[in-house]
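Structure first, commentary second.
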Amino acid sequence: MISYPRLIPVLSAANFVIGMGAFVLIGMLTPVADGLGVTPARAGWVMTTYALAYAVLSPLLVSLTGQIGRRRVLAMSLSVFALANLLSAFAWNEVTLHIARVLAAAGAGVMTPLTAAVAAALSPDEQRGRALAAVFFGLTLAQVLGVPAGSWIAYTFGWRTAFVVVALLALPVVVLIWRIVPAGLSFQTVSLRDLGRILGDAAVMLAVMFTTTFLTGIYVVYTYLAPLLETTMGYDRDGITAILLIFGVGAVAGNLLGGRLADRAGPYRTLLFLSLTQVVSMPVLSLLPLPDIWLFVAIGMWSTFGWSFMAAQQVRIIGMRPQDAPIVLALNAAAIYIGAALGSAIGSIIISYYGMIALGIAGGAVAVMAVLHIVGSERLNRQRGKMRPNSP
């Protein structure tokens, strides 16, 4: 069992704030574009900036703060994230908004992998998948409540207000972290030398970068979901909010499903199955417009299986390098945002050349690459003997 039972809900709450602040842009891409006087495709590059900054800064900052107490690092990182969202709210042009999102990525890039490292270290092996799923429940709950709420706020009161709300939500969680996280909580310190050693491990890095391949396909579509629905389905604020809510419910269901699948079926089988579901589900979105009920089902299934992968992936990479869990989790978190950046960029290019309707097909094509990636990664892992086989 977890040694500090109140710790998991607090870490999950922190991830809720991180998830809302990171992904709220997706639900308000059109208001942001209108406010800055640019196209939605160009506004999508703000998400790309955040993602790339996270990918670069997360492993570096986790390594540089490896000797500082976990409570202090967690509180500082969430405080930085809150400040960055406040600055985002007052950004007066594209450049300042991009700078603010880089600062937000720095805070999130420390917070999220450390929450996973703490949960993994305090959990027995047979419950690690469920413990990680519980910590990341906050991120998936942000898909249910945070992103749809942010979208509604942006369309109703303006996109700047949505960023202010994120900053305000972070403040009480910082206080809870300081009060609930034990002052003496620390693990084996990590350094830049450890980071360099792991970056040189081809098998581990190939496994970590599966996260990028998997999420690239999803973000080809997800980043531009709001304008896609506006263009093909004629949805406005309420319709987009409803779809984002369905997507969020599917994310929560997927988070719970993924943890159980990882514990029962093993991470490799789970990840292979989930990759195959993405190959099938995303091209459906290139058939829009569809009857509302069929769209709701398609979005729900896509989200459920898409967000089931995180616990299995974390169990898999921790099993390869358990002694370096903070760093491999930071690299995995960075891979999430590399995937988001690549997906956003690919989606923007697809829109420019082929239009919104081609996004689903493009996402499905990237998912085929994810299937090939997980199969190849598992073969290398077995050859190297770095992890136990997860399938016959």
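What 222 nm value per residue comes from the helices of the chain, counting each DSSP H run with n ≥ 4 as -39,500 (n - 2.57) and dividing by all residues, nearest 500 deg cm²/dmol?
Calculated from helices alone, the mean residue ellipticity at 222 nm is -26000 deg cm²/dmol.
With a 1.4 Å probe and every protein chain kept in, tell me what percent of the accessible surface of the chain is carbon plus sulfur.
Carbon plus sulfur share of accessible area: 68 percent.
Within a Cβ distance under 14 Å of T39, other residues only, what is the Lys/Arg minus Asp/Glu net charge?
-2
Given contacts defined as C-alpha pairs under 8 Å and at least six residues apart, what's the relative contact order of the stretch 103-170, whole-number percent?
17
From the backbone phi of the stretch 16-21, what are the Karplus-calculated ³J(HN,Hα) couplings (6.51 cos²θ - 1.76 cosθ + 1.60, θ = phi - 60°) in whole Hz, Gly and Pro given as x?
Ordered by residue, 3J(HN,Hα) equals 4, 4, 4, x, 5, x Hz.
Taking a cut-off of 22 Å, what percent of all Cα-Cα pairs in the stretch 138-291 are separated by more than that?
Tail of P(r) above 22 Å: 61 percent of Cα pairs.
Based on alpha-carbon positions alone, could you give the equivalent ellipsoid semi-axes of the stretch 214-263 from the gyration tensor, as √(5λ), descending, whole Å?
Each semi-axis is √(5λ); the values are 26, 14, 5 Å.
Please name which of A116, W45, I243 has its Cα lying farthest along the dipole of the chain towards the positive end, using unit charges on Cβ (Lys, Arg +1; Asp, Glu -1) and the Cα centre as origin.
Farthest towards the positive pole: A116.
With charges set only on the Cβ (+1 for Lys and Arg, -1 for Asp and Glu), what does the dipole of the chain come to about its Cα centre, in debye to the nearest 20?
Here the size comes out at about 1180 debye.
List, in order, the whole-Hz ³J(HN,Hα) value for each residue of the stretch 273-283 obtained from phi through the Karplus relation with A = 6.51, B = -1.76, C = 1.60 and θ = phi - 60°; use x for Gly and Pro.
Computed from phi, the couplings for the stretch 273-283 are 4, 5, 5, 5, 5, 6, 4, 7, 7, 5, x Hz.
Stokes-Einstein diffusion coefficient for the stretch 222-370 at 25 °C in a medium of 0.890 mPa s, Rh from the Kirkwood formula over Cα pairs: what value in µm²/s?
151
Got a sec? Charge dipole of the chain, +1 on Cβ for Lys and Arg, -1 for Asp and Glu; which of S88, A365, L139 is way out at the positive end?
Working it through, the farthest residue towards the positive pole turns out to be L139.
Sort 48-58, 172-182 for me by packing, meaning the mean count of neighbouring Cβ atoms within 10 Å per residue, highest on top.
Descending packing order for the listed peptides: 48-58, 172-182.
If you put +1 on each Lys and Arg Cβ and -1 on each Asp and Glu Cβ, how big is the dipole of the stretch 165-283 around its Cα centre, in Debye rounded to 20?
400
Report ³J(HN,Hα) in whole Hz for each residue of the stretch 212-227, in order, from the Karplus equation J = 6.51 cos²θ - 1.76 cosθ + 1.60 where θ = phi - 60°; Gly and Pro get x.
4, 4, 4, 7, 4, x, 5, 6, 4, 8, 4, 4, 10, 5, 4, x
Give me the net charge for the shell around L199: Cβ to Cβ below 13 angstrom, other residues only, Lys and Arg +1, Asp and Glu -1. Provide the component values of the computation, followed by the final result.
Numbers: positive: R193, R197, R321; negative: D194, D201, D324.
For residues surrounding L199, the net value is 0.
Output the relative contact order of the chain, whole-number percent, from Cα pairs under 8 angstrom with separation of 6+ residues.
27 percent.
What value does the chain have for Rg/Rh, both radii from Cα atoms and Rh as Kirkwood defines it?
Ratio value, two decimals: 0.95.
Over the Cα atoms of the stretch 63-183, what radius of gyration and what Dmax do you get, in Å?
Taking only Cα atoms of the stretch 63-183, I get Rg and Dmax of 15.8, 50 Å.
As a test of reading the structure, rank F16, F296 by solvent-accessible area (1.4 Å probe, protein chains only), most first.
Values: F16 40, F296 70 Å².
Result, largest first: F296, F16.
Which residue, chosen from G234, Y222, T211, occupies the Cα position most advanced towards the positive end of the dipole of the stretch 189-244, where the dipole is computed from +1 (Lys, Arg) and -1 (Asp, Glu) charges on Cβ about the Cα centre?
It is T211, whose Cα lies furthest towards the positive end.
What's the magnitude of the charge dipole for the stretch 59-152 around its Cα centre, counting Lys and Arg as +1 and Asp and Glu as -1 at the beta-carbon? Answer in Debye, nearest 20. Write down the numbers at each step before the final one.
Details: 6 positive and 3 negative charges, 44 e Å.
It works out to roughly 200 debye.
The values are calculated or read from the model by the stated rules, or taken from the named source; none is laboratory data. Here the structure is a predicted model, which is why all the values come from computation and not from measurement. So basically every Cβ, Gly included, is an ideal-geometry build from the backbone, and we count neighbours across all protein chains shown. Quick note on the areas: whole protein, heavy atoms, side chains included, nothing else; ligands and nucleic acids left out. Shrake-Rupley method; radii C 1.70, N 1.55, O 1.52, S 1.80 Å.
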